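Q: Here it is, the structure in full.
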Amino acid sequence: TSVVALAQDEDIVIKIGAIHPLTGGLANDGIGMDQAVQLAVEQINESGMLEGFTLELVSADSTGSADVGQEEAVRLIEEEGVAALIGTFQSAVTANVATVSAREGVPLVVSVAAATNITEQGQDADGNQWTFRIQPNAEVMGTYAAQYVAEMAAAYEIPVASVGYMHEGATDYGRSVY
């Protein structure tokens with residue numbers, strides 16, 4: 001029996017797992033991101049464009065910890081039965097979740113996490129990717145920021161002899177943008 005035939009007989013629920021920092025220092029951002037995903041799920045369901053299918057969001061709290069994010073990814077896949085993951089806001093958390101995603105064969109959509117190496121992970125022996133990014137990576141952000149400085153200097157005819165760049169180097173995000 002095909003999925004389409006099943007969908008005609010009954011509504012099939014597709015669970016999507018969202019992992020964000022819902023508590024801790026980044027909770028304000030994480031809660032907003034989780035609410036945005038919930039809104040998107042509601043709008044898709046209300047639109048009727050997935051006739052015969054209903055999306056269900058299962059949210060998880062990374063607490064801002066890469067290890068907790070990884071544990072939550074495993075729980076969402078193994079216990080909640082999610083078909084895909086979205087998240088996770090922080091590059092270190094996302095890198096760990098991408099590893100789980102690839103190992104389990106569950107797609108991960110990176111909503112916000114810029115470290116360049118995240119999408120380089122998750123390749124299996126056949127080269128298949130399980131991790132997808134919807135924003136520019138950190139390398140692109142850094143490159144375009146530098147180009148923007150040069151364009152602004154030229155547009156306003158301001159000579160730039162040197163540029164100072166401050167960044168944090170403790171995380172994949174900071175090192176990638178640099």
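Q: For residues that are touching a residue at least 40 places away in the same chain (Cβ under 8 Å) and over 30 Å from THR88 (Cα atoms), tally how many sit in segment 133-171.
A: First pass over segment 133-171, keeping only residues touching a residue at least 40 places away in the same chain (Cβ under 8 Å): 138, 171.
From what's left, over 30 Å from THR88 (Cα atoms): none.
Count: 0.
Q: What about THR23, is it outside any helix (DSSP H, G or I), farther than 21 Å from VAL74 by Cβ and of a type in the set (Ser, Thr, Tyr)? Outline the logic, then answer.
A: Values: outside any helix (DSSP H, G or I): yes; farther than 21 Å from VAL74 by Cβ: no; of a type in the set (Ser, Thr, Tyr): yes.
For THR23, the condition - outside any helix (DSSP H, G or I), farther than 21 Å from VAL74 by Cβ and of a type in the set (Ser, Thr, Tyr) - is not met.
Q: Something else now. Find the residue count for segment 27-59, including only residues that are modelled with pLDDT of 95 or more and closer than 18 Å to ILE12 by Cβ. Can you show your working first?
A: To start, the set of residues in segment 27-59 that are modelled with pLDDT of 95 or more comprises 27-47, 53-59.
When the remaining residues are screened for being closer than 18 Å to ILE12 by Cβ, the result is 41-42, 44-47, 53-58.
The number of residues fulfilling the criteria is 12.
Q: Yes or no: ASP29 open to solvent by 20 Å² or more (accessible area, probe 1.4 Å), part of a helix (DSSP H, G or I) and in contact with a Pro (Cβ under 8 Å, 6 or more places away or on another chain)?
A: Values: open to solvent by 20 Å² or more (accessible area, probe 1.4 Å): yes; part of a helix (DSSP H, G or I): yes; in contact with a Pro (Cβ under 8 Å, 6 or more places away or on another chain): yes.
Spelling it out, ASP29 is indeed open to solvent by 20 Å² or more (accessible area, probe 1.4 Å), part of a helix (DSSP H, G or I) and in contact with a Pro (Cβ under 8 Å, 6 or more places away or on another chain).
Q: Restricting to segment 61-89, give me the number of residues that are open to solvent by 30 Å² or more (accessible area, probe 1.4 Å) and polar (S, T, N, Q).
A: Adding up the residues that qualify gives 3.
Q: Being touching a residue at least 60 places away in the same chain (Cβ under 8 Å) and hydrophobic (A, V, I, L, M, F, W, C) is true for just one of ALA40, ALA60, ALA66, ALA83. Which residue is that?
A: Only one candidate qualifies: ALA83.
The values are calculated or read from the model by the stated rules, or taken from the named source; none is laboratory data. Given the structure is predicted, the values throughout are model-derived calculations rather than measurements. Ideal geometry is used to build each Cβ from the backbone, glycine not excepted, and the neighbour counts take in all protein chains shown. The area values use the complete protein model at the heavy-atom level, side chains included, leaving out ligands, DNA and RNA. Shrake-Rupley method; radii C 1.70, N 1.55, O 1.52, S 1.80 Å.
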